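Worksheet for the structure shown next.
Every read-out reported here was derived from the displayed coordinates using simple, explicitly stated rules and does not represent laboratory data. Remember, predicted model here, so these are calculated numbers, not experimental data. Methodologically, a virtual Cβ is constructed for each residue, glycine included, from the backbone with ideal geometry; neighbour enumeration extends over all protein chains shown.
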Amino acid sequence: MKKQPAKTAKTEKTDYTLTKAFAKILSSQEAPDALQLLTEILTEKELEYIERRLRIALMLKQGESYTKIQKELQVSAATVAVVAEQMKQPGFQALVNHLHKEISRFRWIAKFFSRRHNQGLKKSSKQVQ
């Protein structure tokens, strides 16, 4: 296994800056434009990955238990634990805090996550049958 290079102050600052930019996109008053941009630059799998991590983070921020998160989002305890660790990183923490504040203001974020989550569940149940 190849060892990852240690993060420097410069790379951490870049990561934080990029995360802040991402948060700015999500909080844009032009919500459809923000969603369009995200769907243009990310693959479907990347969107699902980011969405799942953000949903987990928001639920953790709201004080939900690992068990509830696992059941509701159909993820493992290990995934929830990884996100809990990621939430300690300044950039990720800033994004989650920003989304948490804005979620009530911009209902489209909640609707987007909910719609995508429900679509994923429907796809999963069709594949099982």
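A Förster radius of 22 Å, combined with the Cβ-Cβ distance separating LYS71 from TYR49, puts the computed FRET efficiency at roughly 0.65. Here the label points at GLN62 and THR39, each 7 Å from Cα along the C-beta direction, are separated by 2.4 nm in the simple model. Sequence-ordered 3J(HN,Hα) estimates for the range 87-101 from the Karplus curve with 6.51, -1.76 and 1.60 and θ = phi - 60° stand at 5, 7, 6, x, x, 5, 4, 5, 5, 5, 4, 5, 4, 4, 5 Hz, glycine and proline given as x.
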